[in-house]
Amino acid sequence: MSTPIIFESEYRCCLIVWEHEPLKSAKLAELCKEQLGWARTTTYTVLKRLSDRGVLQNKNTMVTSLISKEQAQVSEVNGLIEKKFEGNVPAFMAAFVNGRKLKKEEADALRAIIDSAKE
């Protein structure tokens, strides 16, 4: 099963859920008002959409995630690589590091990730 698309404003709501879950839907509405400036109705509309798409669950007013933050991030990056780089991972990596100076630890971590992903 593929990870559902999460739009930017929905992602900000998910960040709150991932940080505080499980939480009551009323508490989520309160946090979204504080952090995002959303009206309670906006939070409940977004919650309903995310629940309908299988991202969040709102059961007996208790909100939990059905996908992890990491799953959402991986899905987003994979979509970006497909859409903007025609699936070309080296082109993505070249754009990613273009003009950046990586610390030794960052470069070492990237090498380890690449080595572990080899066929």
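Brief remarks follow.
- Those residues of region 1-44 whose amide nitrogen sits under 14 Å from the label point placed on N78, 7 Å along Cα→Cβ: 1-6
- Cross-link reach is defined here as a Cα-Cα straight distance under 17 Å, omitting same-chain residues fewer than 8 places apart; for K84 the aspartates and glutamates meeting it are E76.
- Under the combined filter of DSSP loop state and at most 16 neighbouring Cβ atoms within 10 Å, region 4-92 retains these GluC sites (Glu not before Pro): E86.
- Per residue, the convex hull around the alpha carbon atoms of region 1-48 comes to 81 Å³.
- E70 paired with E86, simple spin-label distance in nm, labels 7 Å along Cα-to-beta-carbon: 3.3 nm
- Neighbour-count order for K33, K59, fewest beta carbons within 10 angstrom listed first: K59, K33
- For the chain, built as a Gaussian network whose Cα springs stay under 10 Å, the top-fluctuating residue of A72, A39, A107: A107
No value in this document is a laboratory result; all are computed from the given coordinates. Just so we're clear, the structure is a prediction, and the values are computed from it rather than from any experiment. Ideal geometry is used to build each Cβ from the backbone, glycine not excepted, and the neighbour counts take in all protein chains shown.
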